[in-house]
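The values are calculated or read from the model by the stated rules, or taken from the named source; none is laboratory data. What you see is a predicted model; the values in this text were computed from it and never measured. Cβ placement follows ideal geometry from the backbone for every residue including glycine, while neighbour counts extend to all protein chains displayed.
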Amino acid sequence: MHFRRTFTLLVLLLGFPCLHAREFAVRRIGERKANAWGTDEFQITVSPLGTIRHIRVGDTELVWQGAALYTFPYPIDGGKAIRTVQGEGYGKRGLSVEAPEVSERDVDGTHIWELTHLVATKAVLDGRPLCRVRQTLSVTPTGEIEVVYDCEWLETVRWSSFMVLIIIDKKACSGKPFLALEAEGTTHTGLLDKSSPGQGGQRIRNVVFEQLSLRPVPGPVHVMWPEPATSSLYWSGGLELRTGPPGLSRNRPIPKGHRARLKYRFLLPVSQE
């Protein structure tokens, strides 16, 4: 009897961690066409064009759009800037006139996507590539999502804007506290609510953030910038974070051969052990 009781207890003790252990690899979730990846704790959608959407922890969506490049080059002969947006297809619409090159791989449980975009529109220089963008997305099983855009300009063209638009889920985060730390040491705190002022309104514009922390119900969500980037946070209507490579002036030419990088990461409230 004593042997049986000891054996049963040993089986239970050995089996218990297996029932509750954190996953150690990011995997595809559901059907291939859903483009969903993650673990039992969190999930994101990565499109074939490199956009990130629907960042969820448990049943709660925290970020509606986590990565999408928006660029606005001007035609050479004048006129309004032309909108080109990652994720809106390619050809007449979208970031380019052709599909990006895409590759995927797994490294020690982290899933990595590598894409090469040639930013172009038929309305500027007859569709010649204006900028080469090498994009890398990395998702770890501990809920870290890293996004890198390495940019090289192939033509000297004037641009109205060149940035990534992040859209924070309004239902989960509206009215919740935020903390923003600038690289120079300035700290911003408040609520993501219309009644909470920022720099002359519900916004913080054109600053170099090191960290933005939000407090939705599932737990704190952090956006980190390991390298300088120019960013703006808006919460007057929707909740938007705009971030782009440093040193790009609006409405001015960017010379051929110029290089710039944008790098940021999300840290989600999931198990670390």
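Things worth noting here:
- Filter pass, residue 184 being under 21 Å from residue 225 (Cα atoms), assigned to a loop (DSSP other than H, G, I, E, B) and in contact (Cβ under 8 Å) with a residue 24 or more places away in the chain: yes
- Among (1) in contact with an Asp or Glu (Cβ under 7 Å, 6 or more places away or on another chain); (2) over 24 Å from residue 59 (Cβ atoms), the one test that residue 233 misses: (1)
- Residue within segment 114-126 that is crowded, with 16+ Cβ neighbours inside 10 Å and small (Gly, Ala, Ser) present: yes
- Only residues that are within 12 Å of the chain's Cα centre (by Cα) and not aliphatic (A, V, I, L, M) were counted across segment 241-273, and they come to 7.
- Residues of segment 140-181 satisfying the condition of being in a loop (DSSP other than H, G, I, E, B), surrounded by fewer than 16 Cβ atoms within 10 Å (Cβ to Cβ) and not polar (S, T, N, Q): 175
- Within segment 81-123, the set of residues being more than 21 Å from residue 65 (Cα to Cα) and β-branched (Val, Ile, Thr) comprises 82, 97, 107, 121.
- If you filter segment 81-97 down to residues that are more than 22 Å from the chain's Cα centre (by Cα) and modelled with pLDDT under 95, you find that the one that is surrounded by the fewest Cβ atoms within 10 Å (Cβ to Cβ) is 92.
- The single residue among 250, 265 that is at pLDDT below 95, of a type in the set (Lys, Arg) and at negative phi turns out to be 250.
- Hits in segment 70-80 (condition: surrounded by fewer than 24 Cβ atoms within 10 Å (Cβ to Cβ) and more than 20 Å from the chain's Cα centre (by Cα)): 74, 75, 76, 77, 78, 79, 80
- Within segment 90-116, residues that are touching a residue at least 12 places away in the same chain (Cβ under 8 Å) and farther than 20 Å from residue 36 by Cβ have Cβ atoms under 6 Å from residues that are part of a loop (DSSP other than H, G, I, E, B) and among the hydrophobic types (A, V, I, L, M, F, W, C) in these pairs: 90/99; 96/120; 97/120, counting only partners at least 6 apart in sequence or on another chain.
- A search for C-beta distances below 8 Å between a residue of segment 46-69 that is crowded, with 21+ Cβ neighbours inside 10 Å and any residue that is of a type in the set (Ser, Thr, Tyr) and not in a loop (DSSP other than H, G, I, E, B), counting only pairs 6+ apart in sequence or on different chains, returns 52/45; 69/149.
- If you go through segment 20-45 and keep only what is of a type in the set (A, V, I, L, M, F, W, C) and either loosely packed, with under 15 Cβ neighbours inside 10 Å or within 30 Å of residue 162 (Cβ to Cβ) (or both), you end up with 21, 24, 25, 26, 34, 36, 37, 42, 44.
- Residue count for segment 74-119, restricted to those that are assigned to a loop (DSSP other than H, G, I, E, B) and within 24 Å of residue 24 (Cα to Cα): 2
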